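Data first, discussion second: the structure below is written as structure tokens.
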Amino acid sequence: MSSSLPVTHYLKDYQPSNYQIDSIELTFDLDPLATRVTNVMQMTFSPNASDDRRLVLNGQKITLLECWINGNLLSAEDYDLDDEFLTLSPSLDAFELKIVTQCAPQNNTSLEGLYRTSGNYCTQCEALGFQTITYYLDRPDVLSFFTTKIIADKSQNAVLLSNGNLVEASDLPDGKHYAVWHDPFKKPCYLFALVAGNLSLIQDTYQTMDGRLVDLRIYVEPQNIDKCDHAMASLKKSMQWDEERYGLVYDLDIYMIVAVDDFNMGAMENKGLNVFNSKFVLAKPETATDVDYEGIESVIAHEYFHNWTGNRVTCRDWFQLTLKEGLTVFRDQEFTGDMLSIPVKRIEDVKRLRSNQFPEDAGPMAHPIQPQSYIEMNNFYTMTVYEKGAEVVRLYQTLLGRDGFRKGMDLYFQRHDGQAVTVEDFRNAMADANHVDLSQMQAWYVQEGTPVVTAKTHYDAKLQTLTLSLEQTLKGKVPQQPLMIPVLIGFMGYDGQPLTLMPSVQDKNSLEERGDSWLLKLTEPKQDFIFEQVATYPVISYLRDFSAPIILKTPNALPELEVLAQYDSNAFVRWESMQALALASMEQGVSAYQQQQPLTLLPSFAAAFASVLADSSLDLSLKALALTLPEMTYVADQYTEIPLEAIQAVHQFTQQALAEKFSQALLQTYESLQVNEPYRYEKQAIAQRKLKNVCLKYLAKLPQNLAIAVNQFEQKSNMTDVLSALEVLSHHQTADSAKCLQAFYQDWSKDSLVLDKWFSIQAAAQVPDILAQINQLLQHPDFKYTNPNRVRSVLGVFGRLNWVGFHQASGTGYQLLAEQVIKLNGINPQIASRLVAPLSHWKRYDSGRRLLMRQALESILATENLSKDVYEIVSRSLA
Ligand code: ARG
Ligand code: ZN
């Protein structure tokens, strides 16, 4: 770290800006090494509490050339300039400020601000990248009208794009040309975008429900023009869904999406001009898997939905990020559920939450969905702000119902269109529209950690009453403020027949009937719910639909789990019960391993597995999910000190034992799902492929079945099947496996997104000499440190998905990752800091690994010129 410690920013210090920027006219004279930016702003003084007249503009990594106020050129004595700020002391209340700066997009490898990708220009301004383009009040509560003129060499940059509508374009001398764009909506600068280069486009139109025709355009590099149809179809579906579900209509005459290969995140919702990681745009059956297709559909929707939840109503400050991200993730989850399958989407989201957000919330980087402080804002684009944030938004819908939620949304837009607001404003709209008190929801925003709710039951056979006690704790203690936790439950007999139970009268306020379920509203640290006239002790189906983002400890034992896995009307609980049985099986395996006893499958798990496999009425996607074992890391999360070797051995054993025990049925299922049809991205076809490939994964545990995988690979039906086959082969160091990997490279070395898959598969392989393999991948001529997707496909995958390989007892995995983080720190700090997470959980491992992981973190911290990004994660991890 350099001499001074980085600054921490606090929510409690928020103050409105003392200046407003009424309009901004930008002129870009594009040049790879010397882009000139002229920025003319109409400013007004708007005194805030502090009464300070100084105008403090943000600006970094740019060269100030000129600064003018009302046509008078300022000299160096007229302002203060340092690495981060340009401070002026204007004496007028309204004036024109003109600032001319220079920057070098070609040298910008951080991919923040204005940079180059595949020879084109593009921008990424969220969160605080605009200040690397020009001096500005870089904060989301300063909204302005933007006009942007782009001047560039015409042969290199045929396409010139910015936000809003094109108002003028023409040729200039010396082979140059220009275009002027005007955005009629006021916006914060993080939504600014500029794109220039040689791009091809596909075009379509969408007619809004109020009858306007919107021009839809997707711009890509020319070689990718055949991979845009799915993205375009997704955009149109999103536009229609937002009209139908929320009455929200698009507001400009043009909507543009640009796909670029070098992008730090998934995509960016710049007004009228979304910039996307090409991974979330480009697809055709030969190159993209079902997962890719679904990812594209949901990210296109997500960015589109931001136009209302994010752009029309934006955030007051960056601590409110979940206001737009939690809400927009919730919206895209609901959209995907409607497009494909509501229960399948719910289960997939819960899996993601548990494997990524729960660990984050239990580790050193834990933060509430409304963080109270940050050093580097980019570090807070997290699973917590996004996914837990979406769960908290979902709580409103669970409590208020879909109609009540819609009323809240309507009021939110009615009150706040065109404003920069806070999460309290959102909550107040929900409460006021439904005439309810939601103040207790506040605790979800400011308390970190996953709540644990413990359920206990007491059955009184004489009185025929069933008492269900729920108790909530947070980080092992009663939460500072108890949370409002809706727990959806249902009842059935041990024969699987649904039972209708009635709550006692005094509980009427704390529960609500929901179809065949009851919604219990837990608002106290501990609360009893009493049901009456209960003839026999029932099986209780807990936390249907995962009605709250909590860890629920139930008293259900194996017999109850078996009944629920087979009969529950709630698909989520059926899946959850299978997971619980698998977990129970693996946990007894871990004990056996530790006592050097032989490993076995738990009979009730094996029985449930058999019945799911044989159940012909079950949706194929749900079946695929139910037959998939919990990940090793989920098993690990159940232990205070992780027994890594035991978990690895038991996981391996369990897959192998199931493969042997059910080889006939698995093979039959696999074969019955072999269809000879062209690829379609459609619910039933996706489900078939999914189940088929789950079967293949088990089958491939038996050496005699590897030929099936080779055969599936060689069929080349579609990328989903090809990649699944290659994945199972990659764990075997056989001649066949090497041959298939080689063939895949031959076929796809020119397609960077497919090549990423080739890198990923090898980085995730469970092979003994994985470190040598990773080093080879890093030295491969196609490996590029400047391309985030490629870096993630090797280093991100190794650290996050190759649990066993990364955690080799020798610590070589840790060392390798630390060295790579240090290297990337100098190239792209955002990407470097994201790679650190796997090391941050060092306290959970055995003493040997703990020491080695800590040393790896310390070696990063000792690096000179450590970025704020990496410093914040590493120093918090070591604290
Ligand atoms: N707002 C974008 C989205 O979720 C994410 C941009 C984050 N970028 C960053 N550099 N932190 O759709
Ligand atoms: Zn977003």
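With respect to the stated conditions, Asn274 fails to be within 26 Å of Leu160 (Cβ to Cβ), part of a loop (DSSP other than H, G, I, E, B) and touching a residue at least 24 places away in the same chain (Cβ under 8 Å).
The single condition among (1) assigned to a helix (DSSP H, G or I); (2) under 24 Å from Thr669 (Cα atoms); (3) among the small types (Gly, Ala, Ser) that Ser617 does not meet is (1). With a requirement of 3 or more residues that are under 19 Å from Glu631 (Cβ atoms), the helices (runs of 4 or more DSSP H) lying completely within the stretch 804-849 that satisfy it span 837-840.
Check whether at least one residue in the stretch 775-784 is among the basic types (Lys, Arg) and not in a helix (DSSP H, G or I), and report yes or no.
The answer is yes; a qualifying residue exists.
Identify the residue in the stretch 225-271 that is of a type in the set (S, T, N, Q) and not in a helix (DSSP H, G or I) and, among all such residues, is nearest to Asn163 (Cα to Cα). Filtering the stretch 225-271 for residues that are of a type in the set (S, T, N, Q) and not in a helix (DSSP H, G or I), the one nearest to Asn163 (Cα to Cα) comes out as Asn270. All told, Glu348 falls short of being more than 14 Å from ligand 2 (Cβ to nearest atom), within 13 Å of Pro549 (Cβ to Cβ) and either of a type outside the set (A, V, I, L, M, F, W, C) or in contact with a strand residue (DSSP E or B) (Cβ under 9 Å, 6 or more places away or on another chain) (or both).
Based on this model, can you work out whether Met365 counts as within 16 Å of ligand 2 (Cβ to nearest atom) and surrounded by fewer than 23 Cβ atoms within 10 Å (Cβ to Cβ)? When the stated conditions are applied, Met365 does not pass them.
Based on what the data block shows, is Ile347 hydrophobic (A, V, I, L, M, F, W, C) and within 16 Å of ligand 1 (Cβ to nearest atom)?
No.
Looking at Phe358, Phe380, Phe330, Phe319 in this structure, which one is touching a Leu at 6+ places or on another chain (Cβ under 6 Å) and among the aromatic types (Phe, Trp, Tyr)? Exactly one of Phe358, Phe380, Phe330, Phe319 is touching a Leu at 6+ places or on another chain (Cβ under 6 Å) and among the aromatic types (Phe, Trp, Tyr), namely Phe319. In the stretch 154-176, is there at least one residue being assigned to a helix (DSSP H, G or I) and either among the hydroxyl-bearing types (Ser, Thr, Tyr) or crowded, with 18+ Cβ neighbours inside 10 Å (or both)? So far as the stretch 154-176 goes, no, none of its residues is assigned to a helix (DSSP H, G or I) and either among the hydroxyl-bearing types (Ser, Thr, Tyr) or crowded, with 18+ Cβ neighbours inside 10 Å (or both). Within the stretch 294-310, if we keep just the residues that are under 9 Å from Ser234 (Cβ atoms) and of a type outside the set (Asp, Glu), the residue that is nearest to ligand 2 (Cβ to nearest atom) turns out to be Val299. Only one of the numbered conditions (1) assigned to a helix (DSSP H, G or I); (2) touching an Asp or Glu at 6+ places or on another chain (Cβ under 8 Å) is violated by Ala548, and that is (1).
If you go through the stretch 291-348 and pick out every residue that is β-branched (Val, Ile, Thr) and over 15 Å from Phe280 (Cα atoms), you end up with 9. Taking the conditions (1) within 14 Å of ligand 1 (Cβ to nearest atom); (2) part of a loop (DSSP other than H, G, I, E, B) in turn, Lys279 satisfies each one other than (2). Among residues of the stretch 377-393 that are farther than 13 Å from Glu872 by Cβ and in contact (Cβ under 8 Å) with a residue 40 or more places away in the chain, those with a Cβ under 7 angstrom from a residue that is of a type in the set (Asp, Glu) and within 14 Å of ligand 1 (Cβ to nearest atom), sequence gap 6+ or separate chain, pair up as Val385/Glu325; Tyr386/Glu325; Gly389/Glu325.
Can we say Ser50 is at pLDDT below 95, in contact with a strand residue (DSSP E or B) (Cβ under 8 Å, 6 or more places away or on another chain) and over 13 Å from Tyr135 (Cα atoms)? No: the conditions fail for Ser50. Being within 16 Å of ligand 2 (Cβ to nearest atom) and farther than 26 Å from Gly337 by Cβ is true of Asn270.
Can you pull out every residue in the stretch 182-225 that is hydroxyl-bearing (Ser, Thr, Tyr) and touching a strand residue (DSSP E or B) at 6+ places or on another chain (Cβ under 8 Å)?
Of everything in the stretch 182-225, those that are hydroxyl-bearing (Ser, Thr, Tyr) and touching a strand residue (DSSP E or B) at 6+ places or on another chain (Cβ under 8 Å) turn out to be Ser200, Thr205, Tyr206, Thr208, Tyr219.
Every test in (1) closer than 30 Å to Ala580 by Cβ; (2) hydrophobic (A, V, I, L, M, F, W, C); (3) within 14 Å of ligand 1 (Cβ to nearest atom) is passed by Ala362 save one, and that test is (3). Condition check for Asp13 on (1) within 33 Å of the chain's Cα centre (by Cα); (2) more than 24 Å from Cys125 (Cα to Cα); (3) acidic (Asp, Glu): one failure, at (2). Residues that are over 23 Å from Tyr681 (Cα atoms), touching a His at 6+ places or on another chain (Cβ under 7 Å) and touching a residue at least 24 places away in the same chain (Cβ under 8 Å) within the stretch 304-342 comprise Val313, Thr328, listed in sequence order. Each residue in the stretch 309-342 was checked for being of a type in the set (A, V, I, L, M, F, W, C), within 13 Å of ligand 1 (Cβ to nearest atom) and under 13 Å from Val299 (Cβ atoms), and 1 of them qualify. Exactly one residue out of Thr314, Thr322, Thr328 is within 16 Å of ligand 2 (Cβ to nearest atom) and not in a helix (DSSP H, G or I): that is Thr314. Consider Met265 carefully, then state whether it is near ligand 1 (Cβ under 10 Å from one of its atoms), over 21 Å from Arg394 (Cα atoms) and either within 16 Å of the chain's Cα centre (by Cα) or not assigned by the TED database to the domain that holds Thr123 (or both). So Met265 passes the test.
The values are calculated or read from the model by the stated rules, or taken from the named source; none is laboratory data. On a predicted model such as this, the values are computed, not experimentally measured, just so you know. Note that each Cβ is placed from the backbone with ideal geometry, even for glycine, and that neighbours are counted across all protein chains shown.
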